[in-house]
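Novice: I have a structure here, written as structure tokens, and I will follow up with some questions on it.
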Amino acid sequence: APGPAAPANVQTQLDMAEPQASLGEALSAEGHDAAAVAAMRRGLSIYGNRGYAAGGANLAKLHLALGVVLLKADAAGALDAFGTAAALFALEPVRSEDPSKLAESYAGMGDAQAKLAAAAPSVVRVPQWQAARHSYEQSLAIWIDVRNAKKLAPDQIDRAAQIQERIARATAAAAQE
């Protein structure tokens, strides 16, 4: 008989991933970021190499949530998590169902790149600020499409303007170097 380390089937394992994701988000909301990251990473390890086929949009959402938590203290880790989320959210049918998650993944990439740029030696700041601007521009293009399709949720009304402000900041920062 399979032991406790070998759940009976893949679905049982996947059913264990979601509570870890929820726990991570709850811990993050309470300010317990290290514990939140650990829980989210446990959830991701449960998905393991089954990847998108097994986790679908939930796997992408978990990478996005991990990026949000990591952004506070680990910009490079956050950039990796947001990049993975963006790659997953770009796949159909998830992209068509909820393009705002892809837009948020690109915005997160821009935020992580901006943090890295601000902390970088001056010789590499300009390309990093340009990378941040590019990520923000990808996010903005999606937000404009969502707005034009009249599919913005009430809490998304200001997103395009917020992203435009970040583009302006990244552009100005690159020009000052």
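Novice: Would you mind finding the one in G77, G110, G83 that is in contact (Cβ under 8 Å) with a residue 60 or more places away in the chain, under 15 Å from the mean Cα position of the chain (by Cα) and either part of a helix (DSSP H, G or I) or buried (at least 20 other Cβ atoms within 10 Å of the Cβ) (or both)?
Specialist: On the way: G77 fails: in contact (Cβ under 8 Å) with a residue 60 or more places away in the chain; G83 fails: in contact (Cβ under 8 Å) with a residue 60 or more places away in the chain.
That would be G110, the only listed residue that is in contact (Cβ under 8 Å) with a residue 60 or more places away in the chain, under 15 Å from the mean Cα position of the chain (by Cα) and either part of a helix (DSSP H, G or I) or buried (at least 20 other Cβ atoms within 10 Å of the Cβ) (or both).
Novice: Still on this structure, I have one more. Looking only at segment 86-105, filter to residues that are touching a residue at least 40 places away in the same chain (Cβ under 8 Å) and among the charged types (D, E, K, R); which one of those is most open to solvent (accessible area, probe 1.4 Å)?
Specialist: For segment 86-105, the residue satisfying everything is E97.
Novice: Looking at the structure I just gave you, is R133 open to solvent by 40 Å² or more (accessible area, probe 1.4 Å) and either closer than 13 Å to I167 by Cβ or modelled with pLDDT of 95 or more (or both)? Explain how you work it out, then say what you get.
Specialist: Values: open to solvent by 40 Å² or more (accessible area, probe 1.4 Å): yes; either closer than 13 Å to I167 by Cβ or modelled with pLDDT of 95 or more (or both): yes.
Judged against the criteria, R133 is a match.
Novice: Could you say which residue among I142, I157 is among the hydrophobic types (A, V, I, L, M, F, W, C) and surrounded by 12 or more Cβ atoms within 10 Å (Cβ to Cβ)?
Specialist: Numbers: I157 fails: surrounded by 12 or more Cβ atoms within 10 Å (Cβ to Cβ).
Result: I142 is the single residue among I142, I157 that is among the hydrophobic types (A, V, I, L, M, F, W, C) and surrounded by 12 or more Cβ atoms within 10 Å (Cβ to Cβ).
Novice: Identify, by number, the condition in (1) surrounded by fewer than 18 Cβ atoms within 10 Å (Cβ to Cβ); (2) over 11 Å from the mean Cα position of the chain (by Cα) that K115 doesn't meet.
Specialist: (1)
Novice: With open to solvent by 50 Å² or more (accessible area, probe 1.4 Å), at pLDDT 95 or above and of a type in the set (S, T, N, Q) as the only criterion, which of Q176, Q164 stands out?
Specialist: Numbers: Q176 fails: at pLDDT 95 or above.
None of the others qualify; the one that does is Q164.
Novice: Quick one: would you say K150 is touching a helix residue (DSSP H, G or I) at 6+ places or on another chain (Cβ under 9 Å) and open to solvent by 50 Å² or more (accessible area, probe 1.4 Å)?
Specialist: Numbers: touching a helix residue (DSSP H, G or I) at 6+ places or on another chain (Cβ under 9 Å): no; open to solvent by 50 Å² or more (accessible area, probe 1.4 Å): yes.
Judged against the criteria, K150 is not a match.
Novice: Could you check how many residues of segment 53-74 are touching an Asp or Glu at 6+ places or on another chain (Cβ under 7 Å) and without any contact (Cβ under 8 Å) to a residue 40 or more places away in the chain?
Specialist: Of the residues in segment 53-74, 1 are touching an Asp or Glu at 6+ places or on another chain (Cβ under 7 Å) and without any contact (Cβ under 8 Å) to a residue 40 or more places away in the chain.
Novice: Restricting to segment 40-50, give me the number of residues that are over 16 Å from the mean Cα position of the chain (by Cα) and not charged (D, E, K, R).
Specialist: Taking segment 40-50 as the starting set, the residues that turn out to be over 16 Å from the mean Cα position of the chain (by Cα) are 42, 45-50.
Then drop every residue that is not not charged (D, E, K, R), which leaves 45-49.
Matching residues across segment 40-50 total 5.
The values are calculated or read from the model by the stated rules, or taken from the named source; none is laboratory data. The shown structure was predicted, so the numbers you read here are calculated from the model rather than taken from an experiment. Here the Cβ is made from the backbone with ideal geometry for all residues, glycine too, and neighbour counts use every protein chain on show. Protein only, heavy atoms only, side chains kept; ligands, DNA and RNA dropped before computing areas. Shrake-Rupley method; radii C 1.70, N 1.55, O 1.52, S 1.80 Å.
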